[in-house]
Amino acid sequence: QNNAPVTFTDPDSGITFNSWGLAANSPQTKGGFTFGVALPSDALETDATEFIGYLQCARNDESGWCGVSLGGPMTNTLLITAWPNEDTVYTSLRFATGYAMPEVYKGDAEITQVSSSVNSTHFNVIFRCQNCLQWSHGGASGGASTSGGALVLGWVQAFADPGNPTCPDEITLEQHDNGMGIWGAQLNSDAANPSYTEWAAQATKTVT
Ligand code: HEM
């Protein structure tokens, strides 16, 4: 996993991301994995509460799910779980107090999508994640600070599909088995952009 960010712009939305990833032929995860963030214009000076995320995750034999930990480890941080079903990419915000099936997150964070795509080998989703950088769940609270110029993030991929895939609050998961890790995600000046508000307004699709 690179620590220094790679900047890229999604051609359809025009959104510019700092991103970190593992190549498709990486020994750490079959099919590769990329996560990116775009942040509000002042996020490198004042801690942001939200971001626009980019996820590209692997499908193997047309199945699988992936996840990101917004604090690094699996436990006691906000988790984003994502998977495709037919042409739709679903997400579920989760929280784990131990290394077992995470609970539905009880805080007020919300995901709305800008765009998504699914093919036989990968799925992508670009999403706005509001109230996602500070979390509170059953007495456990914490957050990720953007003003320090870096995030600590975790990634995970799994080969099997979730159970109940069209009902995000009701999914069942097997323990992930296509790699996991924690990385220091450095942010550069491309991460925070004056166009953030305009980009965030493109997130009009709620998938539930
Ligand atoms: C690590 C179990 C779901 C994110 C681990 C580990 C276990 C585990 C046992 C430690 C493995 C090791 O160190 O060798 C499970 C089970 C799950 C589940 C049983 C569901 C049934 C999730 C989900 C996410 C996630 C949904 C994120 C969306 C992570 C991450 C790590 C990890 C980032 C590596 C960092 C760490 O060790 O804390 N998981 N997990 N897990 N898990 Fe999960």
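Search the stretch 53-78 for residues that are over 15 Å from V89 (Cα atoms) and in contact (Cβ under 8 Å) with a residue 60 or more places away in the chain and pair each with any residue that is charged (D, E, K, R) and surrounded by fewer than 21 Cβ atoms within 10 Å (Cβ to Cβ) when their beta-carbon atoms are under 7 Å apart and the residues are at least 6 apart or on different chains.
From the stretch 53-78, the pairs are N60/K30.
Restricted to the stretch 171-199, and to residues that are of a type in the set (V, I, T) and outside any loop (DSSP other than H, G, I, E, B), which residue is nearest to the ligand (Cβ to nearest atom)?
Taking the candidates together, the pick is I182.
Which of the residues spanning the stretch 69-113 are outside any strand (DSSP E or B), among the hydroxyl-bearing types (S, T, Y) and near the ligand (Cβ under 6 Å from one of its atoms)?
Just the residues of the stretch 69-113 that are outside any strand (DSSP E or B), to begin with: 70-74, 76-77, 86-87, 97-102, 105-109.
Next cut, among the hydroxyl-bearing types (S, T, Y) only: 77, 97, 99, 105.
Hit for the stretch 69-113 is Y99, nothing else.
Identify, from the list V37, V6, the residue that is modelled with pLDDT of 95 or more and open to solvent by 20 Å² or more (accessible area, probe 1.4 Å). Give the derivation first.
Values: V37 fails: open to solvent by 20 Å² or more (accessible area, probe 1.4 Å).
Only one candidate qualifies: V6.
Would you pick out the residues in the stretch 9-20 that are surrounded by fewer than 18 Cβ atoms within 10 Å (Cβ to Cβ) and of a type outside the set (S, T, N, Q)?
The answer is P11, D12, G14.
Examine the stretch 23-32 for a residue that is under 16 Å from I182 (Cβ atoms), of a type outside the set (S, T, N, Q) and surrounded by fewer than 20 Cβ atoms within 10 Å (Cβ to Cβ), and state whether such a residue exists.
The answer is no; no qualifying residue exists.
Check E110, E170 and return the single one that is within 13 Å of the chain's Cα centre (by Cα), under 13 Å from R94 (Cα atoms) and open to solvent by 20 Å² or more (accessible area, probe 1.4 Å).
Among E110, E170, only E110 is within 13 Å of the chain's Cα centre (by Cα), under 13 Å from R94 (Cα atoms) and open to solvent by 20 Å² or more (accessible area, probe 1.4 Å).
Does V156 count as over 22 Å from L39 (Cα atoms), in a strand (DSSP E or B) and open to solvent by 10 Å² or more (accessible area, probe 1.4 Å)? Full working, then the answer.
Details: over 22 Å from L39 (Cα atoms): yes; in a strand (DSSP E or B): yes; open to solvent by 10 Å² or more (accessible area, probe 1.4 Å): yes.
Criteria met by V156.
Surrounded by 13 or more Cβ atoms within 10 Å (Cβ to Cβ), part of a loop (DSSP other than H, G, I, E, B), more than 16 Å from the chain's Cα centre (by Cα) and of a type outside the set (A, V, I, L, M): is that true of Q202 in this structure?
yes
The values are calculated or read from the model by the stated rules, or taken from the named source; none is laboratory data. Here the structure is a predicted model, which is why all the values come from computation and not from measurement. Cβ atoms come from the backbone with ideal geometry, glycine included; neighbour counts cover every protein chain shown. Just so you know, the surface numbers come from the protein's heavy atoms only, side chains and all, with ligands and any DNA or RNA stripped out. Shrake-Rupley method; radii C 1.70, N 1.55, O 1.52, S 1.80 Å.
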